[in-house]
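Here the structure is laid out as structure tokens; the discussion comes afterwards.
Derivation of every value follows stated rules applied to the coordinates shown; laboratory data play no part. Given the structure is predicted, the values throughout are model-derived calculations rather than measurements. Backbone-built Cβ (ideal geometry, glycine too); neighbour counts: all protein chains shown.
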Amino acid sequence: MNETTRAYLYLHFCVFLWGFTAILGKLITLQALPLVWWRVLLCCAALWWLLPKGQLRGLKRRAFWQMLGIGALVGLHWLCFYDAIKRSNASVAVATMATTSFFAALLEPVLMRQRIKWHELALGILILPGMALVVGNLDFSMRTGFAVGVLGALLAAVFTALNKRMLDTEPPPPLAMSFVELFGALVVCSLALPVVLGVSPELRVEPIGWDWAWMLLLAWGCTLLPYYLTLKAMRHISAFATNLTINLEPVYGVVLAGLFFQEHEGLSPGFYVGVAIILLAVFGHPFLKKF
């Protein structure tokens, strides 16, 4: 098995795990900010224990600050994603992530200083009707959650392209990179938390009951492992291909939301057409690259 094939397998496994993040976000009773704060805090604590400290000492100062900034974008992306879940539902939130490839097709050439690849732009546009069909009819009461989710997708396209640029130039060790970026997300959430508490002192920060179990699963099973594997995979595939593959997350997420929360009593034929469009774009990209 060559490195590119292994990278795609890693990435598809990660996307499957990410399909559960919306489910766990719905099960956890905390609001978006404390939820993300606990998520990154638990990840950083585990990484600090696992990480060889020599890897951190070996990082260049410029690379450290770049990764910290990328991590801040990751934290903002997660805040948008979970806020979209709370404002709408899990199905809508994960479906908005399908716009990431469209943003990536536009932003990656700018951030990577490359020409726009028209076949990638076409595939990114192709995702949009697939996303619309997967979501189905969107209730107007959920439009704010949908808009916040799309903003999160834009942030995901930006930090993925920035990560790819760093990995293509002078890649840091994956564990060290994961720790610094997740620490950047923790810093953003830690700065925002006292501000939000000042405005909404009734906001509950501490998990209760089953929240702890769901939070540990979210942090270690659906964040730490896929984050590390994605950084390894991106050494061998492009940022656009990464984002395009991540478009399978809405498929997994909507199906799982239907199973766990009955958000859709039945999946219409339009849903399967949308899934087919997304799959066509995801699996067609490696073949189109050869032409």
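At a 10 angstrom cut-off on C-beta neighbours, averaged per residue, how do the peptides 213-222, 59-68 rank from highest to lowest?
With the highest mean Cβ count within 10 Å placed first, the list reads 213-222, 59-68.
Compute log10 of I(q)/I(0) for the range 7-151 with the Debye formula, placing one identical point scatterer on every Cα and leaving out solvent, at q = 0.12, 0.17 Å⁻¹, to two decimals.
-0.65, -1.18
Ordered by packing density, taken as the mean number of other Cβ atoms within 10 Å over each peptide's residues, highest first, how do 185-195, 155-165 rank?
The most tightly packed comes first, giving 155-165, 185-195.
How large is the convex hull of the Cα atoms of the range 88-191 per residue, expressed in Å³ as a whole number?
So the per-residue hull volume is 124 Å³.
Select from Pro194, Ala147, Ala176 the residue farthest towards the positive end of the dipole of the range 130-220; place +1 on Cβ of Lys and Arg, -1 on Cβ of Asp and Glu, and compute about the Cα centre.
Ala147
Could you give the dipole magnitude of the range 3-288 about its Cα centre, charging the beta-carbon of Lys and Arg +1 and that of Asp and Glu -1, in debye to the nearest 20?
The dipole of the range 3-288 has a size of about 920 debye.
What are the principal axis extents of the Cα atoms in the chain, in Å, biggest first?
The Cα atoms of the chain stretch 46, 44, 33 Å along their principal axes.
Would you work out the charge dipole size for the range 139-246 about its Cα centre, treating the Cβ of every Lys and Arg as +1 and the Cβ of every Asp and Glu as -1, and quote it to the nearest 20 debye?
300 debye
Hey, can you rank 168-178, 29-39 by average C-beta count inside 10 Å, highest first?
Ranked from most to least packed, the peptides come out as 29-39, 168-178.
Counting other beta carbons within 10 Å of each Cβ, put Trp49, Trp210 in order, fewest first.
Fewest to most other Cβ atoms nearby, the residues stand as Trp49, Trp210.
How high is the relative contact order of the range 3-288, in percent, counting Cα pairs under 8 Å that sit 6 or more residues apart?
Once divided by the residue count of the range 3-288, the mean separation gives 40 percent.
Suppose only helical runs count, i.e. DSSP H with n ≥ 4. What mean residue ellipticity at 222 nm does that imply for the chain under -39500 (n - 2.57) per run, divided by all residues and rounded to the nearest 500 deg cm²/dmol?
-25000 deg cm²/dmol
Can you pick out the pairs among Lys53/Lys164; Lys26/Lys117; Lys60/Lys164 whose Cα atoms lie more than 26 Å from each other?
Lys26/Lys117
Excluding Met166 itself, calculate the net charge of residues whose Cβ lies under 15 Å from the Cβ of Met166, where each Lys or Arg counts +1 and each Asp or Glu counts -1.
My count for the surroundings of Met166 gives +4.
How large is log10 I(q)/I(0) at q = 0.31 Å⁻¹ when the Debye formula is applied to the Cα atoms of the range 1-47, each weighted equally and without solvent?
Computed log10 I(q)/I(0) values: -1.03.
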